[in-house]
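Q: Sharing a structure below in C-alpha cells format, with a few things to ask.
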Amino acid sequence: MSLVRVHNLAVSLDGFATGIGQSLDAPFGHAGMRLMEWFKATATFHANIGEPDAPATPDDAFAARWGEGVGVEIMGAGKFGPPGWQDDAAWRGWWGDEPPFHTPVIVLTHRPRAPLAMGDTTFHFMDAPPADALAEARSLAGGLDVRLGGGPATVREFLAEDLVDLLHVVVVPVILGRGGSLWRGLEGLEERFDVASATTPSGVTHLTFTRRAR
C-alpha cells in the first residue's frame with residue numbers, strides 16, 4: 001500500500017508550525033517567514049518558482065524528497081488560503097496559475113466546492129475525517145504515495161489516528177511563544193517510529209520519523 005508522508009514541516013524550538021493571526025498578507029501569522037528561511041535558500045524552492053539553476057544546499061538532501069514518488073497531496077483549509085477564503089468564489093490558492101504540486105490535491109474544508117483545475121494540478125475540496133480523506137487520496141494517487149502537506153492541525157489529526165508512515169520535521173532555532181502546535185496531544189508519539197536527526201549549516205535540525213513495521 002502507498003505510504004503517507006510529511007515533508008519539510010518546519011517548527012519552532014517550542015513546537016509551533018505556524019504563528020497566530022494568519023491573513024492574506026501574513027500566511028504564517030506573526031511567525032512571518034522565520035520558519036521558512038532555510039527552505040527559501042534551497043534549490044528545491046527555487047525550482048518550484050521557476051528558477052531551476054540555483055545551487056543545491058545541504059538542506060536540499062531533505063527538501064528535494066518532497067516530490068519523489070508522490071501522486072497526490074492532502075492539505076488543510078489553512079494551507080489553501082487565509083481565513084475566510086471560502087467566502088471568496090474567486091480565490092484560487094496562494095500559488096498563482098501554475099501551482100507547484102502537479103498532482104491532484106485534496107483540500108479539507110467544512111465548505112466544499114467544485115474541483116478547481118489549474119495547469120496539471122486539480123484541487124478537490126472535501127469535508128471528511130482523516131481516514132476517509134486518505135481513502136479518496138489513494139484513489140487519485142495512481143499507486144504512488146500520499147503527501148500530507150499541513151498545516152499543523154491537519155498533520156496532528158492524521159498522527160493521532162496513526163495514519164502517517166514518514167514524518168520529516170525541520171526544527172528551526174526560533175521561539176514563537178504561541179501559534180499552531182504540532183505536538184499537542186501526541187505524548188509518546190516517538191514510540192511508533194524510528195527517529196533520525198541531522199543538523200545542517202543553516203542551523204536547522206532535520207528530524208525524520210519512519211514508522212516501524214505494523
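The values are calculated or read from the model by the stated rules, or taken from the named source; none is laboratory data. In this text, all values refer to a predicted model and were calculated from it rather than measured experimentally. Please note: Cβ atoms are built from the backbone with ideal geometry, for glycine as well, and neighbour counts cover all protein chains shown. When the accessible area is computed, the model is the full protein with side chains, heavy atoms only, and any ligands, DNA or RNA have been set aside. Shrake-Rupley method; radii C 1.70, N 1.55, O 1.52, S 1.80 Å.
Q: Within the range 81-95, can one find any residue that is touching a strand residue (DSSP E or B) at 6+ places or on another chain (Cβ under 6 Å) and assigned to a loop (DSSP other than H, G, I, E, B)?
A: yes
Q: When residues of the range 85-107 are filtered for being without any contact (Cβ under 8 Å) to a residue 60 or more places away in the chain and either charged (D, E, K, R) or open to solvent by 30 Å² or more (accessible area, probe 1.4 Å) (or both), how many remain? Don't jump to the end; show me each part of the working.
A: Of all residues in the range 85-107, those without any contact (Cβ under 8 Å) to a residue 60 or more places away in the chain come to 85-93, 95-107.
When the remaining residues are screened for being either charged (D, E, K, R) or open to solvent by 30 Å² or more (accessible area, probe 1.4 Å) (or both), the result is 86-92, 95-98, 102, 104.
Count: 13.
Q: Filter the range 38-72 down to residues that are assigned to a helix (DSSP H, G or I) and either open to solvent by 80 Å² or more (accessible area, probe 1.4 Å) or over 24 Å from Trp183 (Cα atoms) (or both), then give me how many there are. Working first, answer last.
A: Going through the range 38-72, the residues assigned to a helix (DSSP H, G or I) turn out to be 38-40, 43-48, 60-67.
Adding the requirement that they be either open to solvent by 80 Å² or more (accessible area, probe 1.4 Å) or over 24 Å from Trp183 (Cα atoms) (or both) leaves 40, 43-48, 60-61, 64-65, 67.
Of the residues in the range 38-72, 12 are assigned to a helix (DSSP H, G or I) and either open to solvent by 80 Å² or more (accessible area, probe 1.4 Å) or over 24 Å from Trp183 (Cα atoms) (or both).
Q: Quick one: which residue in Leu9, Leu35 is assigned to a loop (DSSP other than H, G, I, E, B) and touching a residue at least 40 places away in the same chain (Cβ under 8 Å)? Outline the logic, then answer.
A: Details: Leu9 fails: assigned to a loop (DSSP other than H, G, I, E, B).
None of the other options fit; the residue is Leu35.
Q: Out of Pro104, Pro58, Pro52, which single residue is at pLDDT below 95 and not acidic (Asp, Glu)? Full working, then the answer.
A: Values: Pro104 fails: at pLDDT below 95; Pro58 fails: at pLDDT below 95.
None of the others qualify; the one that does is Pro52.
Q: If only one of Trp91, Trp38, Trp85 is touching a helix residue (DSSP H, G or I) at 6+ places or on another chain (Cβ under 7 Å) and among the aromatic types (Phe, Trp, Tyr), which one is it?
A: Working: Trp38 fails: touching a helix residue (DSSP H, G or I) at 6+ places or on another chain (Cβ under 7 Å); Trp85 fails: touching a helix residue (DSSP H, G or I) at 6+ places or on another chain (Cβ under 7 Å).
The conditions single out Trp91.
Q: Oh, and also: List the strands (runs of 3 or more DSSP E) that sit entirely inside the range 111-214 and contain at least 2 residues that are surrounded by fewer than 16 Cβ atoms within 10 Å (Cβ to Cβ) and in contact with a Phe, Trp or Tyr (Cβ under 9 Å, 6 or more places away or on another chain).
A: Working: elements: 116-118, 121-126, 145-148, 166-172, 193-199, 205-211.
It comes to 193-199.
Q: If you go through the range 170-187 one residue at a time, do you hit one that is touching a strand residue (DSSP E or B) at 6+ places or on another chain (Cβ under 7 Å) and either without any contact (Cβ under 8 Å) to a residue 60 or more places away in the chain or within 25 Å of His102 (Cβ to Cβ) (or both)?
A: Scanning the range 170-187, I find at least one residue that is touching a strand residue (DSSP E or B) at 6+ places or on another chain (Cβ under 7 Å) and either without any contact (Cβ under 8 Å) to a residue 60 or more places away in the chain or within 25 Å of His102 (Cβ to Cβ) (or both), so the answer is yes.
Q: Another one. Please determine, by comparing only the residues of the range 12-32 that are without any contact (Cβ under 8 Å) to a residue 40 or more places away in the chain and within 23 Å of Arg184 (Cα to Cα), which one is least open to solvent (accessible area, probe 1.4 Å).
A: If we take residues in the range 12-32 being without any contact (Cβ under 8 Å) to a residue 40 or more places away in the chain and within 23 Å of Arg184 (Cα to Cα), then Gly32 is least open to solvent (accessible area, probe 1.4 Å).
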